[in-house]
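K.L.:
Below is the structure I would like to discuss, written out as structure tokens.
Every read-out reported here was derived from the displayed coordinates using simple, explicitly stated rules and does not represent laboratory data. In this text the structure is predicted, and so the values were computed from the model without any measurement. Cβ placement follows ideal geometry from the backbone for every residue including glycine, while neighbour counts extend to all protein chains displayed.
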Amino acid sequence: MQWDRARVLVTGGAGFLGSNLCLALAARGAKVAALDGFLFGGGANPANLEGSDVTLVREDIREVDLRTLCEGADVIFNLAAQTSHMGGQRDPLADIAVNAVAQVRLIQAAREAAPNAVVVHASTRQFYGRPIRLPVDETHPVAPPDANGVSKFAGEQYWMIEHRTAGRPVVSLRLTNCYGPRLRIRDARQTFLGIWIRCVLEGRPFEVWGGSQLRDMTYVDDVTDAFLRAASTPECYGHVYNLGGAPPASLTEIAEMTVAACPGASFTTREFPQDRAAIDIGSYHADDTAFRAATGWNAATPLAEGIARTLEWYRPRLAAYL
Ligand SMILES: NC(=O)c1ccc[n+]([C@@H]2O[C@H](COP(=O)([O-])OP(=O)(O)OC[C@H]3O[C@@H](n4cnc5c(N)ncnc54)[C@H](O)[C@@H]3O)[C@@H](O)[C@H]2O)c1
């Protein structure tokens, strides 16, 4: 892909992963439009795109004229989503409206206005549910533990149908826990690490729920790299891929790395809360051999280094993210 000539639409472009991707694309000379409705509780933050050449379209994907937005796009990175698991449980209809119904709207608009655009869809490991084997590859059974898992699976599958029936080049990346600059850190709505970072930088102890669960965290620069490679690798079109990250570490180990990166920081451990235990997936780590083989991608950032870099990034910017 010649990014300096590309016109790109990024849905969810003011959020955590979307904004990092927009900035990387703009740095490569692409003409980037970011669609974001700044949904309550999500990762959108005006500071995420401040000072960049990215055109922000502050509209809701459920209502905006998507045909006009898609017109002339060479690539669509599709990251807009209702991402809260508890939120999806509380209001499954709102969850479906963004993660499934709006996806069908976008598919129909893109069919008319950008029939040849490559689409890279942000999917999730969530719908595998509680793994029956580790590491989890793409043949692992799908058993969503919550409403959000159902809607995200539906959204992905509508896109894969579009590949099979209309021939659109589509790649879906099933992401694991991602972290790094521009993550929502105000509260615990966007991964446990967000609120840990806030507590550490405010000089307060953070809480680890459980502690033995394994996670393969992906640093955001590696996620961005994966999205760019997926779009640029025709061999990937028509496929879903798991994307892992650093070698699996327990939550306690991740907490220890966080503390080590910030002298004086500390944490306490408590039992996993009852209301979340019902939808918890336990330990997870991905087998992402297929994506690595297809693209040469590698989760290059060691976890301890990624955590330290993230803390340093937030330190002077904390106020804008609280
Ligand atoms: N961050 C992770 O660890 C992770 C893990 C698995 C999957 N994903 C997927 O990656 C994508 C990006 O996630 P993220 O972590 O950057 O979350 P995020 O909340 O920071 O980004 C999602 C963005 O979508 C926007 N959005 C939501 N509903 C919208 C609507 N109706 N109209 C317009 N914009 C809307 C939000 O305002 C937000 O900025 C999502 O599709 C998510 O499911 C992320």
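K.L.:
Would you confirm whether or not region 304-312 contains a residue that is under 23 Å from Arg130 (Cα atoms) and touching a residue at least 40 places away in the same chain (Cβ under 8 Å)? Write out each step before concluding.
P.N.:
Looking only at region 304-312, we keep the residues that are under 23 Å from Arg130 (Cα atoms), and these are none.
Looking through region 304-312, none of the residues is under 23 Å from Arg130 (Cα atoms) and touching a residue at least 40 places away in the same chain (Cβ under 8 Å).
K.L.:
Moving on to the next point. Show me the helices (runs of 4 or more DSSP H) entirely contained within region 210-281 in which 1 or more residues are surrounded by fewer than 20 Cβ atoms within 10 Å (Cβ to Cβ) and more than 23 Å from the chain's Cα centre (by Cα).
P.N.:
Helices (runs of 4 or more DSSP H) meeting the threshold: 251-260, 274-277.
K.L.:
Among the numbered conditions (1) at positive phi; (2) in contact with a His (Cβ under 7 Å, 6 or more places away or on another chain), tell me where Ile279 comes up short.
P.N.:
Going through (1) at positive phi; (2) in contact with a His (Cβ under 7 Å, 6 or more places away or on another chain) one by one, Ile279 breaks only (1).
K.L.:
Of all residues in region 94-153 being acidic (Asp, Glu) and over 24 Å from Thr233 (Cβ atoms), which is nearest to the ligand (Cβ to nearest atom)?
P.N.:
Applying the filter and picking the extreme gives Asp95.
K.L.:
All but one of (1) buried (at least 22 other Cβ atoms within 10 Å of the Cβ); (2) within 28 Å of Gln2 (Cα to Cα); (3) more than 13 Å from the ligand (Cβ to nearest atom) hold for Val200; state the number of the condition that does not hold.
P.N.:
Single failed check for Val200: (2).
K.L.:
Another question about this same structure. Could you check region 1-90 for strands (runs of 3 or more DSSP E) lying wholly inside it with 3 or more residues that are in contact (Cβ under 8 Å) with a residue 40 or more places away in the chain?
P.N.:
Counting at least 3 such residues, we get 7-11, 75-78.
K.L.:
So, one more: Could you check region 283-322 and list, in sequence order, the residues that are in a loop (DSSP other than H, G, I, E, B) and either among the basic types (Lys, Arg) or over 19 Å from the mean Cα position of the chain (by Cα) (or both)?
P.N.:
Gly296, Leu322
K.L.:
Go through (1) surrounded by fewer than 23 Cβ atoms within 10 Å (Cβ to Cβ); (2) hydrophobic (A, V, I, L, M, F, W, C); (3) out of contact with any Gly (no Cβ under 9 Å at 6 or more places or on another chain); (4) touching a residue at least 24 places away in the same chain (Cβ under 8 Å) for Val104 and report which single condition fails.
P.N.:
(3)
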